[in-house]
Amino acid sequence: MKDKIEFIAFDADDTLWENELHCQEFERKFCHLLACHLPASTVSRELLGTEMKNLRLYGYGLKGMMLSMIETACRIIGKDGKTGCIEEIINIGQELLEKPVELLEGSKEVLTQLYGKYKLVLATKGDLFDQQRKIAASGLQEYFCHIEIMSDKKDADYRKLLGNIGCSPENFLMIGNSIKSDILPVLELGGYAVHIPHHVTWAYEQYEGEIKHSRYLSLNTIGEVPGYL
């Protein structure tokens with residue numbers, strides 16, 4: 001790996017900065033709003049089902065989560081009393097959309113160490129406006145020769161990314177916290193992948209399988225990455 005890598009791509013949410021923790025906080029508040037109707041576990045299950053149904057319409061990100069919450073609340077509450085709940089969902093969501101970016105420990109230091117030695121890429125998925133806001137607020141954009149906000153992270157999306165940066169899979173390394181989104185598609189294309197687990201993971205991104213692959217590496221923290229390169 002050390003001799004072949006030319007481009008290193010980093011996931012953003014929960015790899016370079018905090019994201020899912022805020023989403024789970026949002027969900028807890030949503031469950032509290034509906035506590036008089038259903039238990040929190042049931043509300044969470046209903047919300048996840050709505051989000052999965054709506055992914056093809058809204059994509060990933062807080063805005064899609066807000067819309068799915070509104071739909072779920074309307075279904076659970078019915079016609080009476082839902083106006084106040086919808087207003088509260090929008091208010092909480094907007095607060096999170098303006099929340100300062102919290103860099104994860106070691107992320108900036110690692111980019112500083114790798115900058116100039118490799119061509120660094122930011123490859124993130126989610127809502128365009130929200131991702132652009134977080135990228136600008138992070139102060140990290142200067143480290144990247146290319147930034148790509150992807151609607152999804154499937155094989156075709158990575159093929160497009162590789163074409164945009166002019167890189168062959170065997171010279172590409174992806175670093176991220178999601179096995180499903182950051183690791184498996186890249187390995188399938190013939191690239192290298194490093195998994196950096198985050199302490200909280202969205203249910204949709206969770207993966208229970210075991211990966212045994214010569215181009216795959218699992219580390220405990222992002223700070224360990226330079227030692228393997």
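Looking only at trypsin sites (Lys or Arg not before Pro) in DSSP loops with at most 10 other Cβ atoms within 10 Å, what is the longest site-free stretch of the chain?
With trypsin sites (Lys or Arg not before Pro) excluded where exposed in loops, the chain gives 80-211 as its longest stretch.
Determine the principal axes of the Cα atoms in region 1-74, then give the extent along each, sorted from largest to smallest and rounded to whole angstroms.
Sorted from largest, the Cα extents of region 1-74 read 59, 24, 17 Å.
Taking a 24 Å limit on the Cα-Cα distance, which of the listed pairs 160/180; 53/108; 53/153 fall beyond it?
53/108
Percent of Cα-Cα pairs per 10 Å bin, from 0 to the last occupied bin, for region 87-135, please list those.
Calculated P(r), rounded to whole percents: 19, 39, 29, 10, 3.
By DSSP, what percent of the beta bridges with both residues in the chain are antiparallel, rounded to the nearest 5? Walk me through the intermediate numbers first.
Values: 1 of 23 bridges.
Taking every DSSP beta bridge with both residues in the chain, the antiparallel ones total about 5 percent.
Expressed in whole Å with the largest first, what are the equivalent ellipsoid semi-axes of region 84-168 derived from the C-alpha gyration tensor as the square root of 5 times each eigenvalue?
So the three semi-axes of region 84-168 are 29, 19, 9 Å.
In µm²/s, what is D for region 112-229 at 4 °C and 1.567 mPa s, where D = kT/(6 pi eta Rh) by Stokes-Einstein and Rh is the Kirkwood radius from Cα pairs?
After rounding, the answer is 86 µm²/s.
Once you've got the Cα coordinates, tell me which of 29/125; 63/117; 2/154 are over 30 Å apart.
Where the Cα-Cα span goes over 30 Å, the pairs concerned are 63/117.
So what's the Cα pair-distance distribution over region 39-92, bin width 5 Å, in %?
Using 5 Å bins, I get a P(r) of 4, 22, 30, 25, 16, 3 for region 39-92.
Determine the principal axes of the Cα atoms in the chain, then give the extent along each, sorted from largest to smallest and rounded to whole angstroms.
64, 34, 30
If you wrap region 176-229's Cα atoms in a convex hull and average its projection over all directions, what's the area in nm²?
3.9
Let me have the relative contact order for region 105-229, percent, based on Cα pairs under 8 Å that are six or more residues apart.
RCO, region 105-229: 22 percent.
State, as an integer percentage, the relative contact order of the chain based on alpha-carbon contacts under 8 Å between residues 6 or more apart.
Reported relative contact order: 27 percent.
Given the protein chains as shown and a 1.4 Å probe, how many square angstrom of residue 142 are accessible, to the nearest 10?
Around 130 Å² of this residue is reachable by solvent.
Eigenvalues of the Cα gyration tensor times 5, then square-rooted: what semi-axes does that give for region 1-133, in whole angstrom, largest first?
Details: eigenvalues 268, 40, 31 Å².
Whole-Å semi-axes of the equivalent ellipsoid: 37, 14, 12.
Filter the chymotrypsin sites (Phe, Trp or Tyr not before Pro) in region 104-212 to those in DSSP coil with at most 15 other Cβ atoms within 10 Å of their Cβ, and list the result. Intermediate results must be reported in sequence, preceding the final value.
Numbers: sites: 115, 118, 129, 143, 144, 158, 172, 192, 202, 204, 207; in loops: 144, 202, 207.
When the chymotrypsin sites (Phe, Trp or Tyr not before Pro) of region 104-212 are filtered for loop state and at most 15 Cβ neighbours within 10 Å, 207 remain.
The values are calculated or read from the model by the stated rules, or taken from the named source; none is laboratory data. Keep in mind that this is a model prediction, so the values were computed, not measured. No Cβ is skipped: glycine too gets one built from the backbone with ideal geometry, and neighbour counts run over all protein chains shown. Keep in mind that these areas ignore ligands, DNA and RNA; they rest on the heavy atoms of the full protein, side chains included. Shrake-Rupley method; radii C 1.70, N 1.55, O 1.52, S 1.80 Å.
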